[in-house]
Amino acid sequence: MKNGQIWLDDQGKLIQAHGGMIARFGSRWYWYGENKDAPNCPGTTRVDVIGVSCYSSADLRSWHDEGLALAADGSAPELHPTQVLERPKVLFNEKTGKYVMWFHSDSPDYTQAKAGCAVADAPTGPFRFLHAMQPNRLDCRDMTLFVDQENRAWLVHSANWNKTLYFSRLTEDYLGFTGETYATLIDQEREAPALCYRDGRYYSVTSGCTGWSPNAALYAVSPHVNCGWKLIDNPCTGVEASTTYQGQPTWMFEHEGQLYLMLDHWKPHDLRHSGYSILPVSINGLTMEIPWQETVLEEEAP
Ligand code: GAL
């Protein structure tokens, strides 16, 4: 797969899973993301919401379209195509046996800033929309989900008009909030959070706040998930580091002991053709490096 490009599924169709995530549930990988497979609304940098796509794969290379896991079918105001539904993320809850999706749910002018929640019995859905809310009365724009080493699940969301990144703890069933919430990277104006854990430390990679335009990513490190975060540096290298290789973080995952960062390469005026990258992440204590590489997860030569 060529990084920075559009990617095709096993039928030769555009993979539509932007602002997404890749996770393994059982024996398969699943990729969820925004389906933007429509022309931009004329003169704008938006497409009407179609829903959340789900693709599955045995090997992270060949992706099968499982259809819409959550459709913007107008069955709730938040699922109306004229709204905003971005950055969907899914966790499996072992206690309830359900798949739980959270996403950034908003009005077209981004003033509602809520977190939306949907639930399903199978990874491919269909997900049933439950509710959208402001977690602990905080706004929620760019967001991700993260389960820490103590098995606590968090919605990690840009709040206070993107000034501060909050960790809001999910309830045991992952369907709501406990009220426990922590401000991190205070006043640092970070968004597009992606998180991971390695050898006693938590790491986040975030972008700055310049909308669809790429900017420099920064990583932060902490021994605790809910406090002690320090912004360290840009993990990217070389001349394109200042634009995160023209991309924006969305998720980190691990495969065979290797950590990877997923990027979106937005095309604001042709969003359906936005590209993807998956880049290996190397971590050594307080140092994180994410060099550019042209291809990823290619078949090894026989
Ligand atoms: C970006 C954000 C995207 C989308 C976009 C809209 O900053 O990361 O998810 O919300 O703004 O302009």
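The values are calculated or read from the model by the stated rules, or taken from the named source; none is laboratory data. Everything quoted here is computed from the prediction, not taken from an experiment. So basically every Cβ, Gly included, is an ideal-geometry build from the backbone, and we count neighbours across all protein chains shown. Areas reflect the complete protein model, heavy atoms only, side chains present, ligands, DNA and RNA absent. Shrake-Rupley method; radii C 1.70, N 1.55, O 1.52, S 1.80 Å.
Structure summary
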| read-out | value |
| --- | --- |
| Set of lysines near Lys2 by C-alpha distance (under 16 Å), chain-local residues within fewer than 8 positions excluded | Lys13 |
| Accessible surface, per residue, of the range 33-101 when the full set of protein chains is kept, probe 1.4 Å, Å² | 40 |
| Segment Gln11-Ile232, length gained on full extension (0.36 nm per residue, minus Cα span) | 75.4 nm |
| Sparse-neighbour loop sites [GluC sites (Glu not before Pro); the range 58-158; at most 10 other C-beta within 10 Å; DSSP] | Glu94, Glu150 |
| Relative contact order (percent, whole number), the range 57-162, Cα cutoff 8 Å, 6+ residue spacing | 20 |
| Largest-first ellipsoid semi-axes for the range 31-73, taking √(5λ) over the Cα gyration tensor eigenvalues, angstrom | 24, 12, 6 |
| Approximate shape of the chain as ellipsoid semi-axes (Cα gyration tensor, √5λ), whole Å, largest first | 24, 24, 20 |
| Under 30 Å from the Cα of Lys114 - lysines, other chains or at least 8 residues apart | Lys36, Lys89, Lys95, Lys98, Lys163, Lys230, Lys267 |
| Accessible area of Val49 in the full protein assembly, 1.4 Å probe (Å², nearest 10) | 20 |
| Relative contact order (%) - the chain, alpha-carbon pairs under 8 angstrom, separation at least six | 15 |
| Share of carbon and sulfur in the accessible heavy-atom surface of the chain [1.4 Å probe, %] | 48 |
| Given charges at Cβ of Lys, Arg, Asp, Glu: the range 203-302 dipole, positive-most of Leu259, Tyr276, Val205 | Val205 |
| Heavy-atom accessible area per residue - the range 162-302, 1.4 Å, Å² | 44 |
| Inter-label distance, nm, simple model (7 Å from Cα along the C-beta direction), His80/His224 | 4.3 |
| Distant-in-sequence amide H partners of Lys98 (H built 1.01 Å from N, under 5 Å) | Asn93 |
| Accessible surface ranking that places the most exposed of Lys36, Lys163 first, with a 1.4 angstrom probe | Lys163, Lys36 |
| Spacing of the two label points (7 Å from each Cα toward its C-beta) at Asn136 and Gln246, in nm | 3.9 |
| Amide proton proximity set for Ala69, modelled H, under 5 Å, gap of 5+ | Val52, Ser53, Cys54 |
| Fraction of antiparallel bridges per DSSP, the range 169-292 only, in percent to nearest 5 | 95 |
| Top positive-direction residue, dipole computed over the range 17-63 with Cβ charges, set Trp29, Ile50, Asn40 | Trp29 |
| Derived scalar couplings ³J(HN,Hα) [the range 116-125; Karplus, 6.51 cos²θ - 1.76 cosθ + 1.60; whole Hz; x for Gly, Pro] | x, 10, 9, 9, 8, 8, 10, x, 7, x |
| His273 - accessible surface, heavy atoms, 1.4 Å probe, Å² rounded to 10 | 60 |
| Cα centroid separation - the range 137-152 against the range 167-205, whole Å | 4 |
| Calculated FRET efficiency for the pair His255/Glu150, C-beta based, R₀ 25 Å, to 0.05 | 0.60 |
